[in-house]
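J.: After the C-alpha cells below, expect a handful of questions from me.
Values in this text are rule-based calculations from the coordinates and carry no lab data. Quantities reported herein were computed from a predicted structural model and do not represent experimental measurements. With ideal geometry, Cβ positions are generated from the backbone for all residues, glycine too; neighbour counts draw on all protein chains shown.
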Amino acid sequence: MTQDESPAMKQVAALFVETGGVYFGLPGIDPWDETRDARRYDGPNPVVAHPPCSRWGQMAPVNQARYGQRIGDDGGCFSSALDAVRKFGGVLEHPAVSIAWRTFGLPSPPTVGGWVKTMCGGWTCQVEQRQYGHRARKATWLYAVTDSPPSLRWGRGAPPEVWISSDRPRAELAALGIGQMQKKEARATPPEFRDVLIAIARTAGASS
C-alpha cells in the first residue's frame, strides 16, 4: 500500500457476485460475476467472496438424494474462493451450517456470536444478515483472513418479515404467519452488509 493510500481506499475484488448487483458501480470495487469466472482471480487485491452455496447448504443432502446433485460439486468455486481469501486476504461468506466448513476443515462458529480463530490463522463467525437490512434472518458464516476482524452485530435481529430455505418456518416463524421470500431477493446481499464485508477486506494487509 502506498503512502497516499489508506485502508478505507484499498482496492477490493468482489468474487462470485451477481451481474449488475450491489457490488457493481462502487469506487474501488472490482466485481467478478459469472462471465468473468472468479475462479481465475489471481490477485493482487484482497477479496470479498460469495461462492455458490446450493451444493453446500442445508438442503444439499436432500437435493443429492432427489435430483442427483452431488454435495460439493460446485466446479471448484468454494475451493478457489477459500484459496483467494487465504492468499490475498479478505472475507468469504456462506450460509450458516455450510457443509463446506467441515469439508475444508474450518471450525463451526458459535451461534451466539463472536469470532473464532482457526488453525490456519483466519477467523470465522456467525452473523444474521437480518441485523444489516435483510428481510429474513439469513444466518451466515464468515471466514476472514485479516489481522483484526471487527466486532459485528451479534445475536438475533428484529423479527423476520419473510423466511428463506435456510430458516424454513419452524414453530416460531409459522406463528408469525409470514411467507417465503423469492429466491432472487434471498440471494441478494443487503448494501449495509456488503459494506461491512468490504470494510473487513480493506483491513487485510493494511500494514503492508
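J.: Can you list the residues, at least 5 places off or on another chain, whose amide H is less than 5 Å from the amide H of D30, using H built in the peptide plane?
T.: It is V12, A13, A14, by chain and number.
J.: Next up: Rounded to whole Hz and in sequence order, give me ³J(HN,Hα) for the stretch 98-110 from the Karplus expression 6.51 cos²θ - 1.76 cosθ + 1.60, θ = phi - 60°, writing x for Gly and Pro.
T.: Whole-Hz 3J(HN,Hα) from phi for the stretch 98-110: 4, 5, 4, 4, 5, 4, 9, x, 8, x, 5, x, x.
J.: So, counting K/R as plus one and D/E as minus one, what does the shell of residues with Cβ under 11 Å around P159 add up to? Mind showing how you got there, number by number?
T.: Details: positive: R130, R135, R137, R156; negative: E161, E172.
Overall, the nearby charge balance is +2.
J.: Charges at C-beta only: +1 for Lys and Arg, -1 for Asp and Glu. How large is the resulting dipole of the stretch 80-154 about its Cα centre, in Debye rounded to 20? Provide the component values of the computation, followed by the final result.
T.: Working: 9 positive and 4 negative charges, 46 e Å.
My answer is approximately 220 debye.
J.: If you don't mind, another one. Among the trypsin sites (Lys or Arg not before Pro) in the stretch 109-205, which ones are in a DSSP loop with at most 13 other Cβ atoms within 10 Å of the Cβ? Mind listing them?
T.: Details: sites: K117, R130, R135, R137, K138, R153, R156, R170, K183, K184, R187, R194, R202; in loops: R135, R137, K138, R153, R156, R170.
Taking the stretch 109-205 and a limit of 13 other Cβ atoms within 10 Å, the loop trypsin sites (Lys or Arg not before Pro) found are R170.
J.: Stretch A199-S165 to full length: gain in nm at 0.36 nm per residue minus the Cα-Cα span?
T.: Details: separation 34, 0.36 × 34 = 12.24 nm, distance 2.81 nm.
Length gained between A199 and S165: 9.4 nm.
J.: I've got another one for you. Take the residue pairs K87/K184; K117/K138; K10/K138; K87/K117 and return only those whose Cα atoms are more than 19 Å apart.
T.: Details: K87/K184 31 Å; K117/K138 23 Å; K10/K138 28 Å; K87/K117 17 Å.
Flagged as over cut-off: K87/K184; K117/K138; K10/K138.
J.: Given the Cα-Cα distance of R36 and V97 and 0.36 nm per residue of separation, how much length would full extension add, in nm? List each step's numbers first, then the result.
T.: Numbers: separation 61, 0.36 × 61 = 21.96 nm, distance 2.83 nm.
Stretched fully, the R36-V97 segment lengthens by 19.1 nm.
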